[in-house]
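Here is the structure we will look at.
The values are calculated or read from the model by the stated rules, or taken from the named source; none is laboratory data. On a predicted model such as this, the values are computed, not experimentally measured, just so you know. Cβ placement follows ideal geometry from the backbone for every residue including glycine, while neighbour counts extend to all protein chains displayed. Ligands, DNA and RNA are excluded from the accessible area calculation, which covers all protein heavy atoms including side chains. Shrake-Rupley method; radii C 1.70, N 1.55, O 1.52, S 1.80 Å.
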Amino acid sequence: MPLSEAELLEAVRAGDRVALATLVERHAPAVYRFAAKMCRQAEDAEDVLQETLLSAARHLGDFRGDSQLTTWLYTVARSFCIKRRRTSKFAPSETVSLEHSLEASVLASPERSPEQAASERETALELDRALAELEPEQREVLWLRDVEGLSAQEVSTVVDASVAAVKSRLHRARVALRAKLAQEPAPPPGAAGACPDAAESFSRHLEGEIGTEECRAMEEHLARCAHCRTACESLRHTLELCRASRVGVVPSPIQDKIRRALGALTGPDPRASR
């Protein structure tokens, strides 16, 4: 039976290199997904992944569990992503960093027909393109909350913002992403204010921010307004796509590079001689 994270951390503190390598490899895909979405450049994402995992290898022995290990790793990765953006001379080019990982994840499943695989891959790429158009502050909170499944409190720790600020960014990000995927035209003149913002209200409902009376009023409105019903269903579908997009393996060449770097840092992995 695989060791738990707590058991692996205890072994790491005792100097176990195998436990260190196991922890690093276990969390590498999540860090890579986050770096790819925030950096938008494959090379930058690879560098951020390596920098984050090497930093973790150096400091895991001092990690005392004040937060979840994943939260700590995302915080470290985010700091490296920000440094990349600040030092870059050019704006990131539009790169679908996870395209090959998405393709591998979809096509590897024997349950999917070629047609299903092609459709799912195109949907995943459409979602990736829409995410790329969000502001970085919105994209990071949506990715951490709706794809990786962190709590709002954990996201606030990663991005160093209040829970209220995180939720505000999250609502805007969800609404914007839904509109981009739906490719909705601008509302006609005079339409603004005719209905409540159903998508944002639904997002607030998901975060437990709507009271009983407001919820009842919204349900009554949705019962008679097809437009707002469609908006809520569209947002629900968007969030389902987000949850389903939690794929992306670390390419083998990058895995090899990380293992070599870890070996230089801690010595050869004892598993290599088994």
| request: Report in % the part of the accessible area of the range 1-53 that belongs to carbon and sulfur, leaving out ligands and nucleic acids; probe 1.4 Å. | output: 50
| query | By the scheme Lys and Arg +1, Asp and Glu -1, what is the net charge of all other residues having a beta-carbon under 10 Å from that of D146? | reply | +2
